[in-house]
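S.K.: Take this structure first; my questions come after.
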There are 2 protein chains.
Amino acid sequence: MAISEAEAVVMDVLWREAPRTAEEILAEVGPAQGWQEGTVKSLLNRLLRKKAVHAERDGRRYLYTPLLAREQYVSQESKGLLDRLFGGRVAPLVAHFSEQRKLSKKDIAELRKLLKELDDEQH
Amino acid sequence: MAISEAEAVVMDVLWREAPRTAEEILAEVGPAQGWQEGTVKSLLNRLLRKKAVHAERDGRRYLYTPLLAREQYVSQESKGLLDRLFGGRVAPLVAHFSEQRKLSKKDIAELRKLLKELDDEQH
DNA sequence: CGTTATCATTTACGCGTGTAAACATCATTT
DNA sequence: AAATGATGTTTACACGCGTAAATGATAACG
């Protein structure tokens, strides 16, 4: 089963650094999200059930570690959007942002560099 | 309120051509999706409530027209993903697909052209 | 006109989600 | 040992979603 948006917020904490205790996760995410302790615990349990994180006992508490890799999650999500909205092709997506004037100078510079590199490794 | 994935399938039909009757929508989407008539009707009603489509009576039936523009929907969805996963920047997204070897030759060619055009209009 | 066919609207139902309150467990402090 | 505090687990509940059955309204037909 897919991992939800609220769950992904918790995963994000673990992707930045792991293992972590529930308390640490709450500290990092509670204020910004306006979540109580119970909320974070629930999300962690759902993530456990979904095998997206692993919990290892450490005295009276647990240390949580991500099992699902961020790269994997990002890939799924990105491919989903690309397929649904852009026929599975990257160029139209970029064209969309370009038309929307959402390409920063930095973006453009980085894209140039990226294409250049692809060129080079071409032989 | 956001429009769901099943609702987006219906919108897609209307974005391709509108106005359309419920029957036409069902014909176009039912087989592929495995949906019954009632399902499509429900989705249309939810879209009406969300003001994403407009219905105009035509004799005994209704003609449905999109109110939400595809461009708008695509923008919201794309920006959402970009913000959640790539810090709101396009280049990292493209880099991700590049690393994943998901850039086709065609994509690369189109991206080149796009950058060239941006260059030109920069004058 | 009453019946049937054709649409649309309402209601339903199980499931996941967001959000927590309640409850259970166990170590620590009186 | 009983009370307290710290953690984790279970249960709850409203709401949206996917999916459709049930019901309502109305035009067409006999």
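The values are calculated or read from the model by the stated rules, or taken from the named source; none is laboratory data. From a predicted model like this one, the values you see are computed outputs, not experimental measurements. Note that we place each Cβ from the backbone using ideal geometry, even for glycine, and neighbour counts take in every protein chain shown. Just so you know, the surface numbers come from the protein's heavy atoms only, side chains and all, with ligands and any DNA or RNA stripped out. Shrake-Rupley method; radii C 1.70, N 1.55, O 1.52, S 1.80 Å.
S.K.: Does residue B:95 fit the bill of being open to solvent by 50 Å² or more (accessible area, probe 1.4 Å) and within 13 Å of residue A:118 (Cβ to Cβ)?
M.R.: Working: open to solvent by 50 Å² or more (accessible area, probe 1.4 Å): no; within 13 Å of residue A:118 (Cβ to Cβ): yes.
No.
S.K.: Filter the helices (runs of 4 or more DSSP H) completely within the range B:54-123 down to those with at least 3 residues that are under 30 Å from residue B:41 (Cα atoms) and more than 7 Å from chain A (Cβ to nearest Cβ).
M.R.: Those helices (runs of 4 or more DSSP H) span B:70-86.
S.K.: Which condition from (1) open to solvent by 50 Å² or more (accessible area, probe 1.4 Å); (2) touching a helix residue (DSSP H, G or I) at 6+ places or on another chain (Cβ under 7 Å) is the one that residue B:56 breaks?
M.R.: (2)
S.K.: I would also like to ask the following. State all residues of the range A:41-53 that are more than 8 Å from DNA strand D (Cβ to nearest atom), without any contact (Cβ under 8 Å) to a residue 24 or more places away in the chain and assigned to a helix (DSSP H, G or I); if no residue qualifies, say none.
M.R.: The answer is A:49, and nothing else.
S.K.: Of B:34, B:30, B:88, B:38, which residue is of a type in the set (Gly, Ala, Ser) and away from DNA strand D (no atom under 16 Å from the Cβ)?
M.R.: B:88
S.K.: I'm checking my understanding of the structure. Among residues of the range B:1-17 that are assigned to a loop (DSSP other than H, G, I, E, B) and more than 14 Å from DNA strand C (Cβ to nearest atom), which one is nearest to residue B:40 (Cα to Cα)?
M.R.: B:3
S.K.: Please verify whether the range A:73-80 includes one or more residues that are within 19 Å of residue B:82 (Cβ to Cβ), more than 16 Å from DNA strand C (Cβ to nearest atom) and open to solvent by 30 Å² or more (accessible area, probe 1.4 Å).
M.R.: Yes, the conditions are met somewhere in the range A:73-80.
S.K.: Shifting gears a bit: How about the range B:34-53: which of its residues are surrounded by fewer than 16 Cβ atoms within 10 Å (Cβ to Cβ) and more than 11 Å from DNA strand C (Cβ to nearest atom)?
M.R.: B:34, B:50, B:51
S.K.: Can you pull out every residue in the range A:1-33 that is over 16 Å from the mean Cα position of the chain (by Cα), of a type in the set (Gly, Ala, Ser), within 21 Å of residue B:84 (Cα to Cα) and open to solvent by 10 Å² or more (accessible area, probe 1.4 Å)?
M.R.: A:27, A:32
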